[in-house]
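The block underneath contains the structure these notes are about, expressed in structure tokens.
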Amino acid sequence: MLERKMSKNKEKDIYAIRFEEGKHYKLYGNDYHLLLPRTMTERLESELVEMKAGCKTPNHKHEDEEQVYIILKGKARLDIDGKSKEVSEGMLAYIPRNTYHRITAYEDLAYVYIACWPEGKVPPIKTEEELREYERKLVTGDLG
């Protein structure tokens with residue numbers, strides 16, 4: 001696990017990663033690549049998400065997390081709190097904290113999301129088992 005710390009020497013702290021180098025995992029049948037782990041930052045995390053046409057994420061919300069989606073490829077419908085907007089390559093979308101949202105791919109879709117938490121509210125990273133349980137609860141609507 002990566003430690004959350006910042007060095008005083010900024011030259012040694014340059015972090016750059018190719019998308020394909022990010023830790024890969026699957027969630028809701030979609031491919032995720034962890035690009036910037038929250039353990040390396042004060043309040044941010046970033047991932048590349050790749051979805052096949054017709055796939056979607058469950059409708060869900062994050063109480064203390066804002067998100068930005070940067071659409072790299074494809075077209076999708078983004079639903080936020082009952083409103084819908086078509087998004088496509090070259091667009092950015094903002095998801096406020098505590099709002100239900102979901103994305104449905106019309107075409108093969110690739111987007112980078114950036115998550116930001118308030119200071120002191122960054123949640124711990126989920127284990128593989130916790131991630132599978134979270135996915136099950138999202139899919140079944142059993143988030144309590």
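For the chain, the dipole from Cβ point charges (+1 on Lys and Arg, -1 on Asp and Glu) about the Cα centre works out to 140 debye, to the nearest 20.
Near residue 62, the amide H atoms lying under 5 Å from its own belong to 98, 99; only residues 5 or more places off or on other chains count, and H is placed 1.01 Å from N.
Counting neighbouring Cβ atoms within 10 Å and putting the fewest first, the residues 60, 33 line up as 60, 33. Provide the FRET efficiency to the nearest 0.05 for the residue 92-residue 19 pair, computing r from the beta carbons and using R0 = 22 Å. Computed FRET efficiency for residue 92 and residue 19: 0.80.
Rg ratio for the range 26-121: its Cα radius of gyration over 2.2 N^0.38 Å, N being its residue count, equals 1.03. Bridgeable aspartates and glutamates around residue 73 (alpha carbons under 20 Å apart, same-chain partners fewer than 8 residues away excluded): 20, 21, 31, 47, 50, 86, 89, 107, 108. Taking a sphere under 14 Å around the Cβ of residue 17 and counting the other residues whose Cβ falls inside, with K and R at +1 and D and E at -1, yields a net charge of -3. The angle between the Cα long axis of helix 128-140 and the longest principal axis of the Cα atoms of the chain comes to about 20 degrees, rounded to the nearest 10.
Values quoted throughout were computed directly from the atomic coordinates according to the rules given, and no laboratory measurement underlies them. Since the structure is predicted, the reported quantities are computational estimates derived from the model, not experimental observations. Neighbour counts run over all protein chains shown; Cβ positions are idealised from the backbone, glycine included.
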